[in-house]
Structure formats: structure tokens, C-alpha cells
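Following: one structure in C-alpha cells, then a few remarks.
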Amino acid sequence: MSGWQNDDTEGAGTLLVGQQRQILLTNALYGEVAGKEAVGWEIVLPPAREYAKSLAGLLSELGVVRVGFEAAALTVADYEKLRGELADGIALVPYASSFVESLRLIKEPHEVELLKRAIAITDQTFAHICAWIQPGMTEKEVQWEITRTFMELGADGVAFESIVAAGPHGSMPHAHPSTHRIQRGELITIDMGARYRGYCADMTRTICLGEPAETRMVELYETVLLAMRTCEAGLYGGISGKAADDLARDVLIAHDLGEYYIHSTGHGIGLQIHEAPSLSQRAGDEVILPTGSVVTV
């Protein structure tokens, strides 16, 4: 069993995969689109407030004795609700890893083409922003122009809330755009990505209007750029997530900037903005970047 659709939420579903049948349970609001897009799947639309009851009934109908579920996708409350509806003799078996996520590790050719289009839209938007942005504009104004340009170029929308962090706000990796007015000479960090036909792009860039106010800004920028390029050049299919992270991190450590590198180096990207594999110290040597995976740096 993969995923979980809570009675009170929208935009998700549960996959029930057995030896003979594969079933998609989803909110009735998505019945029509599920019928069109989930080709080959049996669609079940549980009545309101009876999601767990419908799933339990299907498990009994299928004669299931043990059902595995993705532990990260099921809350304790929903687990208890489902367990309370299950017939005697049916055991719920949690799995720490995601079967669905592991299937998405290696991208198929058509997925790569969709990712390339999402990335191209993001690239074009960045070029537009660099030519359009002016001192005195607020971070929020730039954020809106990013979204508008994505849509104009054919994107579904944003892959995540765009970050525009100018001046002192740039020290926060996940800053929220504010009414701060961008000044000439301050660094501006822009983190953005378009979503195209479900697939996400993710780009982080730092720009400056005019000359940087301090020489140290240029030194830091060039060091981070070197770390990024070193990592990109050193990646290969089969490298571990930790070794991939080390490629960038070691450059920053060599320049006495290691203590400030509080972010991981990258992550997989696809239908979700953050997917496996992870390029991080936490990933360790067990996480491998397989040939055909698509990652950010």
C-alpha cells in the first residue's frame, strides 16, 4: 500500500497493489481525472469520511493476510483509524523505505524530456529576471514576476514557492520574500523552479545589481561557484550520496567556509521537488546515485 488520502485533504490517493488487481483510491473530486490519467488502474472513490472503511473492505475482499505500507506516508491517526476497521487476521507491516520513490530513482527518456523543458523555462525566466530587475523593487515584486514569466512560457506553475533574498536575507537558505527593497551593490539569492506537466526544475543563483559593495562578496561568490563546478564535474553513476556532497563541501572547507555550509549539496528531482537520491552527509555511503538519476547541485 503506497500513499494515503486523508478524508479531510485533497490532491492525493492510495495505491493498493495485489497479485491480481491494482487499485487507486482517491477523493471523488478527482474521479474524472483519475479515470483519464490512471490507465490500467481500477478506480475506487470512497464515500466521504469512509476512506479507511473502504480500504479495509477491499483488503478483506482480496483475502489479504499481510499488507505492507509506507511508514512515512501514514500518520499515527490514520494508522489507528485503518487498524480499527480491519478484519481480524489482517496485519499491517510498515516499510521504512518507499517503493514508489525507489521506482522513480532512474528517469525514463520521456521524463528526462519533460525535465529538460521545465529547466529550459526556468533558464529563460532567470535570463528575463536578470534583464528586468531594478534597484528599489521589492523581493515580493521579483517573486511575482518569476511566477508570471513561468506561466507565460507554458509552465503549469511554480515547483515550489520562489525565494528572493536580498542583502542580509541571503544568509537564510529558505528565506521568504518580503517587502525589502533591493539595493544596488547587495547580493540577491534567487531560488526558483518551474513545474511542467508535473515535472519540477530547481535553480539557485546569486546576482548583484551593479558592482558588489565589498570585495569579500566576490571572493565568496567565486568560492561557491568553484564548489558547484567541482561537484558537477566529479559526479558519476555509482557515487555515494556522501561522496557527492564531499565534492562541494571539501572545496568550502579548504577555503575556511565549512562551518557556514549548513545545507546539503543536492537532491533528486522529478515529480516532486525533493526526491531520492540525496547528496548529503546524512545520506552516508549507503545511498547511491544510479546512472539515469537526475539531481540538483
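The values are calculated or read from the model by the stated rules, or taken from the named source; none is laboratory data. As the structure is a computational prediction, the values presented were derived from the model and not from experiment. Note: ideal-geometry Cβ built from the backbone for every residue, glycine included; neighbour counts use all protein chains shown. Areas reflect the complete protein model, heavy atoms only, side chains present, ligands, DNA and RNA absent. Shrake-Rupley method; radii C 1.70, N 1.55, O 1.52, S 1.80 Å.
Quick check on ALA248: is it aliphatic (A, V, I, L, M), open to solvent by less than 40 Å² (accessible area, probe 1.4 Å) and under 16 Å from THR206 (Cβ atoms)? If you could, list the steps in order and put the result at the bottom.
On the way: aliphatic (A, V, I, L, M): yes; open to solvent by less than 40 Å² (accessible area, probe 1.4 Å): yes; under 16 Å from THR206 (Cβ atoms): yes.
Yes; evaluated as a whole, the condition is true for this residue.
Here GLY170 clears all of (1) more than 18 Å from GLY198 (Cβ to Cβ); (2) touching a helix residue (DSSP H, G or I) at 6+ places or on another chain (Cβ under 8 Å); (3) of a type outside the set (D, E, K, R) except the condition numbered (2). Among the residues here, ASP285 does not qualify as open to solvent by less than 20 Å² (accessible area, probe 1.4 Å) and either free of Cβ contacts under 8 Å to residues at least 60 places away in the same chain or not acidic (Asp, Glu) (or both).
The set of residues in region 151-167 being out of contact with any Pro (no Cβ under 9 Å at 6 or more places or on another chain), open to solvent by 20 Å² or more (accessible area, probe 1.4 Å), free of Cβ contacts under 8 Å to residues at least 60 places away in the same chain and not in a strand (DSSP E or B) consists of MET151, GLU152, LEU153, GLY154, ASP156, GLY167.
What do you reckon, is LEU86 in contact with a helix residue (DSSP H, G or I) (Cβ under 6 Å, 6 or more places away or on another chain) and surrounded by 17 or more Cβ atoms within 10 Å (Cβ to Cβ)? It is true that LEU86 is in contact with a helix residue (DSSP H, G or I) (Cβ under 6 Å, 6 or more places away or on another chain) and surrounded by 17 or more Cβ atoms within 10 Å (Cβ to Cβ). Using the structure shown, decide if GLU10 is under 22 Å from GLU275 (Cα atoms), at pLDDT below 90, among the charged types (D, E, K, R) and surrounded by 13 or more Cβ atoms within 10 Å (Cβ to Cβ). Here the answer is no, as GLU10 does not meet what is asked. Residue check: THR122 meets all listed conditions (1) in contact with a strand residue (DSSP E or B) (Cβ under 8 Å, 6 or more places away or on another chain); (2) within 23 Å of SER264 (Cα to Cα); (3) part of a helix (DSSP H, G or I); (4) open to solvent by 80 Å² or more (accessible area, probe 1.4 Å) but one, namely (4). For ARG229, the test of being at pLDDT 95 or above, open to solvent by 60 Å² or more (accessible area, probe 1.4 Å) and assigned to a strand (DSSP E or B) is failed.
Collect the residues in region 107-119 that are open to solvent by 70 Å² or more (accessible area, probe 1.4 Å) and either touching a residue at least 60 places away in the same chain (Cβ under 8 Å) or assigned to a helix (DSSP H, G or I) (or both), keeping them in residue-number order.
The initial filter retains those residues of region 107-119 that are open to solvent by 70 Å² or more (accessible area, probe 1.4 Å), namely 108-110, 113, 116-117, 119.
The answer is PRO109, HIS110, GLU113, LYS116, ARG117, ILE119.
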